[in-house]
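Okay, structure first, notes after.
Every number in this text was worked out from the coordinates using simple rules, so none of it is lab data. Please read these numbers as outputs of a predicted model, since none were measured by experiment. Because the Cβ atoms are built from the backbone with ideal geometry, glycine has one as well, and the counts that use them run over all protein chains shown.
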Amino acid sequence: MESPAANFRFWRPEDRDLGLAFFASNAPRYFAESERKDFIAFIDDLPGPYFVAIDADGTPVGCGGYAQEDDHPHVAALCWGMIHRDRHGQGWGGALLRFRLDSIAADPAFGEVRIETSQFSRGFFQRYGFVQTKQVENGFAPGIDLIAMTLDLETYRSS
């Protein structure tokens with residue numbers, strides 16, 4: 001699928017309600033309602049770069065970011081990526097993911113990207129070269145497994 005014309009900007013504190021609307025549009029399919037408090041804690045104290053995806057008309061359509069793992073400084077963890085449910089299937093998820101991966105890959109300190117996602121998004125990340133390393137049944141909530149995945153950045157950089 002061809003990516004839409006996307007722009008990205010850094011998250012601002014006034015984006016909080018926007019982020020909560022993105023989250024709500026993806027619950028309960030992709031996020032358990034019980035994760036809402038974790039998302040709020042995250043956006044209220046960002047550990048790394050976080051972005052808003054904006055369409056050609058200037059409408060925000062999603063958000064996502066990454067953070068350096070404390071115990072593994074060569075690892076970037078993708079954090080809370082989501083596209084508004086009404087925009088699923090239009091290439092926005094891929095555009096946001098590629099933007100984050102390109103941002104991470106520009107920093108030579110990083111050699112690996114990790115994500116914890118669900119069985120519902122596993123195939124999406126596999127299309128971009130992520131490999132599953134672990135699965136925990138009901139790891140996020142009942143019916144939502146925790147799927148740990150990694151991407152080798154050297155492979156990504158050379159593709």
* Quick one: would you say I43 is within 22 Å of A141 (Cα to Cα) and among the aliphatic types (A, V, I, L, M)? -> yes
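Rundown of residues vs (1) surrounded by 13 or more Cβ atoms within 10 Å (Cβ to Cβ); (2) closer than 30 Å to P13 by Cβ; (3) touching a Cys at 6+ places or on another chain (Cβ under 8 Å), yes/no style:
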position	(1), (2), (3)
P60	yes, yes, no
W80	yes, yes, yes
D86	no, yes, no
V113	yes, yes, no
A141	yes, yes, no
D152	yes, no, no
* Could you please find all residues in region 98-111 being within 12 Å of the chain's Cα centre (by Cα) and either farther than 15 Å from N7 by Cα or surrounded by 20 or more Cβ atoms within 10 Å (Cβ to Cβ) (or both)? => R100, L101
* Among the numbered criteria (1) buried (at least 18 other Cβ atoms within 10 Å of the Cβ); (2) of a type in the set (V, I, T); (3) within 24 Å of S34 (Cα to Cα), which single criterion is violated by V136? -> (1)
* Identify all residues within region 49-58 that are in contact with a helix residue (DSSP H, G or I) (Cβ under 9 Å, 6 or more places away or on another chain) and either polar (S, T, N, Q) or farther than 16 Å from E14 by Cβ (or both); write none if there are none. => P49, A53, D55
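Rundown of residues vs (1) within 17 Å of I115 (Cα to Cα); (2) free of Cβ contacts under 8 Å to residues at least 40 places away in the same chain; (3) of a type in the set (G, A, S), yes/no style:
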| position | (1), (2), (3) |
| --- | --- |
| Y30 | yes, no, no |
| A41 | no, yes, yes |
| D70 | yes, yes, no |
| L78 | yes, yes, no |
| M82 | yes, no, no |
* Asked: Does region 24-34 contain at least one residue that is hydroxyl-bearing (S, T, Y), assigned to a loop (DSSP other than H, G, I, E, B) and surrounded by 13 or more Cβ atoms within 10 Å (Cβ to Cβ)?
  -> yes
* Out of F130, F140, F120, F110, sole residue that is more than 21 Å from I43 (Cβ to Cβ), touching a Leu at 6+ places or on another chain (Cβ under 8 Å) and touching a residue at least 40 places away in the same chain (Cβ under 8 Å) -> F110
* Residue in region 54-69 that is nearest to the chain's Cα centre (by Cα), counting only those that are charged (D, E, K, R) and either more than 22 Å from K37 (Cα to Cα) or in a strand (DSSP E or B) (or both) -> D55
* Structure fact -> By residue number, the members of region 35-53 that are assigned to a loop (DSSP other than H, G, I, E, B) and of a type in the set (D, E, K, R) are D45
